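Worksheet for the structure shown next.
Since every read-out is calculated from the coordinates, none of them should be taken as a lab result. Keep in mind the model is a prediction, meaning the values are calculated, not measured. Because the Cβ atoms are built from the backbone with ideal geometry, glycine has one as well, and the counts that use them run over all protein chains shown.
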Amino acid sequence: MSEILIRGGTVVDGTGAPARKADVRVRDGRVVEIAPNLTVTGGEVIDATDALVTPGFIDCHTHLDAAMFWDPTCDSIAQHGVTTVLIGNCSLGLAPARPKDRSQIADLFSYLEDIPLDALMSLVPWKWETFPEYAAELAKAPLAVNIVSLVSHSLLRIYVMGEDAWERAATPEEIEQIAGELSKALDAGALGLSFSLFDKDRTGRRVPTAYADDAELDRLFQEVGARKGVFQLITSGTVSEDLDRVGPIAARHGVTVLHNALLDLADQPERSGQQIAALARLRSEGARMFTMMSPRTFDVEVNFHATLCFINYPVWNEVIQAPQEKKRALLAAPEWRARARAEFASVTHPLFPVDQSEAIRISAIGPGVDPSWIDRSLKDLVEARGGDISDVLADWVLENDLQAKFVFPLGNTNLAKVGALLRCPEVLVGGSDAGAHVQMFCATGDTTLFLSEYVRDRAVFSIEEGIHQLTGRQAEILNLPDRGRLEVGSPADIVVFRLQELSWEPQYLVRDPVNGEARYTRPAGGFRYTLINGEIVQQTGMVTPARPADFLPAPVRTDRRLESPVA
């Protein structure tokens, strides 16, 4: 029998209720007592004097699907208080996957989330074909963070329709087959369905979800609604139209929709408010819809080897996708340059915002290049060189031996406005993207940033409200009834910390010890302890050998309703 007594702390239980002084006793993975002045009866004692004791945090949008197989700790999730993560987002995932489709599925995942393809193919075990088989593998995996998974709509379509999934709507017979596979996945523990109307593969093809008609959506929502599951949605450029399409279907079947994601854009200041208004209207009409918003300013680093940032620029994307030995020839070719100039002149609201060249800063250079260019802008470079911005950029990449890098703020730069948006009832704190784009930025640590910036420093939320946002509210919206609260009988997913000790430190590059690839990570956030199922998985920033976490099957066919308001 294992026992831990967390003594002398202030309990913030995740419900939004007032904080209270109490000790917490954990035995055999569960909370068995919460009361002042509990007696030491054996086991380990954690001194929580002057510290908060809260439920473990839930991250509702990650792409750790593959990385958890070569890094069970999901560095550095536990060091930022996260005990449960949702994977299978953005209509991506690892199952279902027929052997003949694995390379295509891995390539799609690799391209859209900037995860090394060779690692996906060689380090993911691929012992499964169906989602239930995949769930069985997750249940056996040694993990230091609890895993909850959506099932990818694109993968379901590929599994049933093959290559036709990329080209057309499903027939009534195919819709029933897709619904059948979805039903099996939900019964095996999938939390719901993920869907994308935005993404394309590296050749520019729209992902299979884009070809689903309303008849297919309605049938799949029927399956998800029967389990009170969730539907995660990436909208296209026409956000309001996509929300209007999905909202009535979701309302009809009682499905919770998680929209990814709300960004406050400096060049489109009205956009975030319009999205909130659209969601508020749909919610008033009976649709249970939320938009995820990260508290992080999105500073994206772009290289010219592998990046999603040129997805709106097919001509420039040819360079990104070309083999290394062919990139130089493309960048120098007059015909390519003519097409590239026309492309930069025509694209609006791209991920790489050349129309805001003053905000795009030089972050890395090649050998022999004047170091004074570091941190100067692309606009400075164009003004110094003269000529078309596309030509100047191509020349610069060549001069830097393809080692040029740029960084730019994609959104969320107005912190006061971000704080106001985070308080909207339509907004769910989330959308971290942890595990994705690791060569561009580190998405881990949003929990630390939220608590330090918007609870402690700006006082946008009280501590009770802030913890509720990261725990109980997440569990309520995701329908995870046994997580997100610190109460007697609950699994002992617990975080111990002092708010004053939290620190969101700058990201830095490391060489992954398993796959050898460079990636960004972030220092520990200052949390004293993180426990999962009653075992300590990190202590004062150091990960322990414990791997007590679970694959958490979603509750099946429950009529449970929210026990506290989500506003």
Next item on the list: Among the aspartates and glutamates, select those whose C-alpha is under 18 Å from the C-alpha of Lys21, and discard any that sit fewer than 8 residues away in the same chain.
Entry: Asp13, Glu33, Asp47, Asp50, Glu464, Glu465, Glu487
Notebook entry, point to check: In what sequence, highest mean first, do 86-99, 237-250 appear when ranked by Cβ atoms within 10 angstrom?
Noted result: 86-99, 237-250
Margin query: Using alpha carbons only, how many angstrom separate the centre of segment 1-59 from the centre of segment 430-444?
Written below: 31
Item checked: At R0 = 45 Å, FRET efficiency that the Cβ-Cβ distance of Thr413 and Ala332 yields, to 0.05 -> 0.80
Check: Which is farthest toward the positive dipole end of the chain among Val230, Ala169, Asn412, measuring Cα position about the Cα centre, with Cβ charges +1 (Lys, Arg) and -1 (Asp, Glu)?
Finding: Val230
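Please tell me which of these pairs span more than 26 angstrom C-alpha to C-alpha: Lys100/Lys184; Lys100/Lys327; Lys100/Lys228?
Lys100/Lys327; Lys100/Lys228
Given an 8 Å cut-off on Cα distances and at least 6 residues of separation, report the relative contact order of the chain as a percent. Mind dumping the intermediate values first?
Details: 1255 pairs, mean separation 122.8, N = 567.
Relative contact order here is 22 percent.
Filter the GluC sites (Glu not before Pro) in segment 118-220 to those in DSSP coil with at most 14 other Cβ atoms within 10 Å of their Cβ, and list the result.
Values: sites: Glu129, Glu133, Glu137, Glu163, Glu167, Glu173, Glu174, Glu176, Glu181, Glu216; in loops: Glu129, Glu167.
Within segment 118-220, the qualifying GluC sites (Glu not before Pro) (loop, at most 14 other Cβ atoms within 10 Å) are Glu167.
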Next item on the list: Report relative contact order for segment 205-339 in percent, whole number only (criteria: Cα-Cα under 8 Å, sequence separation at least 6).
Entry: 18
Checklist line | Within the chain, helix-based [θ] at 222 nm, where runs of 4 or more DSSP H residues each add -39,500 (n - 2.57), nearest 500 | finding: -9000 deg cm²/dmol
Check: Over segment 307-408, what is the mean sequence separation of C-alpha contacts under 8 Å (at least six apart), divided by residue count, expressed as relative contact order in percent?
Finding: 29
